[in-house]
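Shown next, in structure tokens, is the structure this report addresses.
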Amino acid sequence: MTVQLTAVEVVSDALFACSYLWSHGRPYTRSDLDKAIHQHKDTTTRYGKLVAKLTQLHGMTYEELCDAGYLGSDAGQVNELRREALKEVIGEEELKAWLTDAQRIQRVFPSTEIQSRRTRLPLSRGSEGYDARQDFVIKHFLPAQSLCSIYGPSGSYKSFLAVSWACHIATGQFWAGKKVAQGAVLYVVGEGGVGVPRRIRAWEQVNGLQADNLYLVNRPVFPVRSSEVNEVLLAARQVEAECGLPVLLVVIDTLARCFGGNDENDARDMGAFIEGCDTIKQKTGATVLVVHHSGKDEAKGARGSSSFRAALDAEFNVKREGEGKALILSCTKMKDAEEPDRKAYDLRTAELYTDEDGEAICSLVVHDVPREAKEVEPELANVSRLTENHQALWQAVRSRTASGESCTISVIKDDLRATLGADKVRKSFPRWLDKLESEKIIRVDGENLYPTTVD
């Protein structure tokens, strides 16, 4: 019997070196290529074919390499295309084995940069950096280069707050007495319309400043799509070139309108949204502020997957203070600093212009002077169109009955005259009482008044 022996082809160090360097976007030398040609002369073998491929690639001009994608600014894409060229000859598994053969890499490149190359991961020891200064876009409110959110129900003035923050950053003006870093702002107007431009104009009018460094993106942007993220990055570079300031804030108003038709409750869809926001944050160096809605149960926080809140550096809840023109701002998360105190902020009306029908067109502006919030009693929380007068009436009735004192209409009127004024009580008391009685907050029994929670 004749046994036929088949020679096993072994890759030479010269061919390995050329392949490794090419796969990592680096040039290989003509000397190594000539050695590989000499050691793999048979062009019908796999390694002989690989040498022929590398010889062809080595002969390409700079322009040809760029046109083929083998040179470019995106290193990851360049290396992927380069490796595809080699996989066509020796296959994916063998190339992967070569590129992960640590012993051979150390032997072929004993004293080069490849062996001594250090990780690009940010490493530090122990408590190093404990005293690093925390940079803020708005001190104590919006950390720099972070992902933040303000959320609340419809009509809670959350977009007015976002516009206020954007205008203060664009002009470098203090907000609520806190320092502000001046920079350009990109505001994505996801819900369209003239509301945001009018709010900006109202802010300019009240503050006597022009927010020229605030740029509006007048359509929704979808961070779940890489093409949309790239458009935001292009817009940021254009804005920086035009105004000469870095983009420090990107506002996405609202999450719902910029979610691209995906499911807010799906962790994977929300993960894609977060990833897009993180890319914008990392590549622009800006803080990304997402305006979001609260869920059906406001006590449970913002709507959608909990993964969104987990990814945030700062989160704020915004709600109206009663039925008046004021908002209450509460910090519900501040990752690396103390949470600012819960405060209320009034909104002022600014008249912008008169339309062709003679009607005044107005908008509201957040007056960034904090004050203590006027809490609404739990019993009154669900009462619509609630005023301070209704609250005063309720508190007077509750106080009298809780202490076991007489609580009649005439007695309560006397109490309210002392605080609200006789004329106001005379004119409006019946309406206040009817309102609370119809809402089943107060029970009227002849001349006597009772809270409905008291028998």
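So here's what we get for this one:
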| read-out | value |
| --- | --- |
| Charge dipole of the range 356-455 about the Cα centre (unit charges at C-beta), most positive-ward option of A402, C362, V383 | A402 |
| Correct option for log10 I(q)/I(0) by the Debye sum over Cα atoms at q = 0.06, 0.12, 0.14 Å⁻¹ [calculated from the coordinates] among (1) -0.23, -0.97, -1.31; (2) -0.26, -1.09, -1.47; (3) -0.47, -1.09, -1.23 | (3) |
| Rounded if a/c under 1.5, otherwise prolate or oblate - the range 378-451, Cα gyration tensor axes | rounded |
| Nonlocal amide H pairs with K333, under 5 Å, H built at 1.01 Å | E315 |
| Calculated over the range 136-366: convex hull of Cα atoms, volume per residue (Å³) | 128 |
| Rounded to the nearest 20 debye, dipole of the range 328-448 from Cβ charges on Lys, Arg, Asp, Glu | 520 |
| For the range 13-116, size of Cβ-based charge dipole, Lys and Arg +1, Asp and Glu -1, in debye | 380 |
| Charge dipole magnitude, Cβ of K and R +1, D and E -1 - the chain, Cα centre, debye nearest 20 | 720 |
| Karplus-derived HN-Hα couplings along the range 25-33 (A = 6.51, B = -1.76, C = 1.60, θ = phi - 60°), whole Hz, x at Gly and Pro | x, 10, x, 10, 7, 5, 5, 5, 5 |
| In degrees, nearest ten, helix 13-23 long axis to first principal axis of the chain (Cα) | 30 |
| Packing rank of 219-229, 243-253, 382-392, where each peptide gets the mean count of other beta carbons within 10 Å, highest leading | 243-253, 219-229, 382-392 |
| Three-way shape label, the range 322-455, alpha-carbon gyration tensor, a/c 1.5 | oblate |
| Length-normalised contact order of the chain in % [C-alpha pairs under 8 Å, at least 6 apart] | 12 |
| Helical contribution to [θ] at 222 nm, DSSP H n ≥ 4, -39,500 (n - 2.57), averaged over the chain, rounded to 500 | -13000 deg cm²/dmol |
| Across K413/K440; K300/K413; K283/K343; K333/K440; K87/K283, pairs whose alpha-carbon gap is larger than 29 Å | K300/K413; K283/K343; K333/K440; K87/K283 |
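None of the figures in this text is laboratory data; all of them are computed from the coordinates on show. Values in this document were obtained by computation on a predicted structure and should not be read as measured data. Here the Cβ is made from the backbone with ideal geometry for all residues, glycine too, and neighbour counts use every protein chain on show.
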